[in-house]
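Below: one structure, written as C-alpha cells.
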Amino acid sequence: MGLFFIGASFSGVMSTILYVLLALVVLLLMITIHEFGHYTFGKWLGFKINEFSIGFGKAIFSKKRKNGEVFSIRLIPLGGYCAFAGEDMDDKDPDAFNNKPCWKRIIVLLGGVTFNFLSAIIFSFILLVSFGYDIPKVVNTEKNEAYVAQYNIENPLEPINGFQEGDIIRAIDGKKVSFITGNTFANLMSKHTIDDKFEVTIQRVGEKDLVTITTKKFDDGQTEGGILGIVSTPYRYGFVEALRDCVPLTCAFAWKVLTFLFMLLTGGVSLTDIGGPITTISVVAEYSQSNIANLFVFLPLIAANLAVFNILPIPSLDGARIVFTIIEWIRRKPINRKVEGYIHMVGLFVLFAFVIFVDIFNLIF
C-alpha cells in the first residue's frame, strides 16, 4: 500500500512537471512568434539585424550566420528579442534601424503585434474545429439520481425537457449563444432561476430549421452542466464555420484583454487577478492538466494578450517606440537617441519589477 501511494505521488509530481514544461513551451512559442514578426518584416525591408534570441541571460547556444546575424538560445526562457543595429543609438550603417525611413520602422515595430494577432486567428480556428467553444452539444439526456428524486420521475430513461442526443443549443430566449457578442451559454443561463420556464433553440440532426422548445432550469445537485437536465460537450465547428468565426473570436479575446486592462487602471480588478510569466505558466499548467482542451483556449487568448499589451504606449514596448517614431516623423528630426534609450531602459526595468512583484504577490496570497 505504501509503495502504491509513493508511486501515485511520484506520478502526480511528474505529470505536473510535464504540464508546467508544456506551459513554458507555450509562452516561449508566443514570444518567439512575436520576435519573428519583427525579424520577418525587418528582413523584408532591408534592416540590419544583429541578433535573434530566444530567452534572456547567458547564451547556451549561439550560431553566427555569414551575413553577421547571430541566432541564440539563452538560459532564461521567459522572453526573447530581435536586436536591430541602431535601434537604441545612432549607427552610421545605412541599413541600421535609425537610418531607415519612419514608415518602414513603424511597419517593423508592428511586425510582432501583427504576427501575434495572426497566430491568435490560427489558434482560434484550431480551437473551433478541434474542440469547439461555448456552444453546447447534447451527449446524454438520461436523468441522474438527484433529478429523479427531486422531481419524483417515474421513467428515468425518458429524455429531459424534450432534448435528444446530438442537439446543438444555438439560442436561449431567442438570444444566440456566442462568446463573440458576450452572450455565453453560462451568462444566458444565469438569468434563469430554478424551475423557471424558458425557450431554448436547438439545431437537431435531420432538421433543416432550428427548433424551439420550452424547457426549465433545475438543480441537479451535482454539476452546473446539468442545469438543463443534460450532459453536454462543446460543439465542434465545421471548416467553413470555423473560418467564418475565427477572426471575430480573436477580436473578442483581444477586446476582453483591453477591457481587463481598463478595469485594472480604474481599480476594477485587484493584483490577485493579474500575473507575470510565472503566474501565466502555473495557470496554463493547472488548467491544461484538468483538461487538455483548455490549453487550446489559452493559445489564442495569450497570443491576443501579447498583441494588445505590446501595442500599448508603455516605454520599452513596441507601442511606445511607435509613438517616438511618429513624433520624429512629424518633427522631421528624432528625439535625442540617448534620452529615448534611457526612457526605454527605465521602462523595461519598471516592467520587469512589476511582473516580478505581481508573481511574488500571487505566490504569497
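Can you list the residues of segment 30-54 with backbone N under 14 Å from a point 7 Å past the Cα of Ile60, pointing along Cα to Cβ?
Output list for this probe position: 54.
If we sort 165-173, 62-70 on the protection proxy, mean other Cβ atoms within 10 Å, highest first, what's the order?
Output ranking for 165-173, 62-70: 165-173, 62-70.
Extending each Cα 7 Å along its Cβ direction at Met345 and Leu264, get the distance between those two points in nm, one decimal.
Here the modelled spin labels are 2.6 nm apart.
Calculate the spin-label point distance for Val129 paired with Leu21, positioning each point 7 Å from the Cα along the beta-carbon direction, and give it in nanometres.
3.0 nm
Along the Cα→Cβ direction, 7 angstrom out, place labels at Leu75 and Arg204. What is the inter-label distance in nm?
6.6 nm
FYI, it's all coordinate maths here, none of it is from the lab. Small disclaimer: the values here were computed from a predicted structure and weren't measured. For neighbour counting, all protein chains shown are included, and Cβ atoms are generated from backbone atoms with ideal geometry for every residue, glycine included.
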